[in-house]
Amino acid sequence: MIAAADLFARRGYHGVSIGELGAAVGLTGPALYRHFRGKEDLLAEVLLDISVRLHDEGVRRAAESPDPLGALLDWHIAFALGNPSLITVHERELDNVPAPQRREVRRLQRAYLEEWVRVVGALNPRPEDQTRAAVHAVFGLLNSTPYSAVTLDPAAMSPLLRTMARAALLA
């Protein structure tokens, strides 16, 4: 799926053919139809996988850590820096996913966001709508890594993002 995400990130959903997607994973285009009904289903699977991984791992890490916010930050930053094509596809291509899968991706995104709102709200009590807005803004910062992290290596970018995000969330 990473190969498909790389193609979708570089060329956009409409710029990639089923044949190219098949070739990227070592299959012919028609052979891909044995696994997916079409490229929209492959894209849906990519986005669902990203959403499930972000949510489930974020919730797990926050629950197990004495510093839940640090755990969420470390997880999301590592994911964003390590998977720029997945972040790009997650950001750009949701409208090309069939409605039922799109609703599930949105549900998972909201649940992930609400985990952050819960964690941040416990550290910085303020109206929930303000906390939610701050978390959305921080997601914008963290998910900008396909563009912002091109001149710094992950070892330099990660602590920079962590410091900026933590300051924004607790301001």
- line: Scanning the stretch 113-131 residue by residue, those free of Cβ contacts under 8 Å to residues at least 24 places away in the same chain and under 12 Å from VAL59 (Cβ atoms) turn out to be GLU114, ARG118
- prompt: Does SER17 satisfy the condition of being open to solvent by 10 Å² or more (accessible area, probe 1.4 Å) and more than 28 Å from ALA155 (Cβ to Cβ)?
  reply: yes
- request: Quickly run through the stretch 115-128 and pick out the residues that are open to solvent by 20 Å² or more (accessible area, probe 1.4 Å) and in a helix (DSSP H, G or I).
  value: GLU115, ARG118, GLY121, ALA122, LEU123, GLU128
query: If a residue has to be part of a loop (DSSP other than H, G, I, E, B), at pLDDT 95 or above and not hydroxyl-bearing (Ser, Thr, Tyr) to count, how many in the stretch 49-97 make the cut?
result: 2
- request: Filter the stretch 31-48 for residues that are open to solvent by less than 60 Å² (accessible area, probe 1.4 Å) and part of a loop (DSSP other than H, G, I, E, B) and give the result.
  value: PHE36, GLY38
task: Could you please tell me which pairs satisfy a Cβ distance under 7 Å, a separation of 6+ or placement on different chains, a first residue in the stretch 84-98 that is over 11 Å from LYS39 (Cβ atoms) and aliphatic (A, V, I, L, M), and a second residue that is part of a helix (DSSP H, G or I) and open to solvent by 40 Å² or more (accessible area, probe 1.4 Å)?
output: LEU94/ARG102
- prompt: In this structure, is THR28 surrounded by fewer than 14 Cβ atoms within 10 Å (Cβ to Cβ) and either of a type in the set (Val, Ile, Thr) or modelled with pLDDT of 95 or more (or both)?
  reply: yes
query: Looking at the stretch 129-142, which of its residues are under 17 Å from ARG162 (Cα atoms) and open to solvent by 40 Å² or more (accessible area, probe 1.4 Å)?
result: HIS136, ALA137, GLY140, LEU141
statement: Taking the stretch 85-114 and keeping only residues that are touching a Ser or Thr at 6+ places or on another chain (Cβ under 9 Å) and open to solvent by 60 Å² or more (accessible area, probe 1.4 Å), one is left with GLU104, ARG106, ARG107
LEU7 under 28 Å from TYR112 (Cα atoms), open to solvent by less than 60 Å² (accessible area, probe 1.4 Å) and either in contact (Cβ under 8 Å) with a residue 40 or more places away in the chain or in a helix (DSSP H, G or I) (or both): yes
- prompt: Considering only residues of the stretch 143-163 that are of a type in the set (A, V, I, L, M, F, W, C) and assigned to a helix (DSSP H, G or I), which is surrounded by the fewest Cβ atoms within 10 Å (Cβ to Cβ)?
  reply: ALA155
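The values are calculated or read from the model by the stated rules, or taken from the named source; none is laboratory data. All values derive from a computational prediction rather than experimental measurement. Because the Cβ atoms are built from the backbone with ideal geometry, glycine has one as well, and the counts that use them run over all protein chains shown. Accessible surface areas use protein heavy atoms only, side chains included; no ligands, DNA or RNA. Shrake-Rupley method; radii C 1.70, N 1.55, O 1.52, S 1.80 Å.
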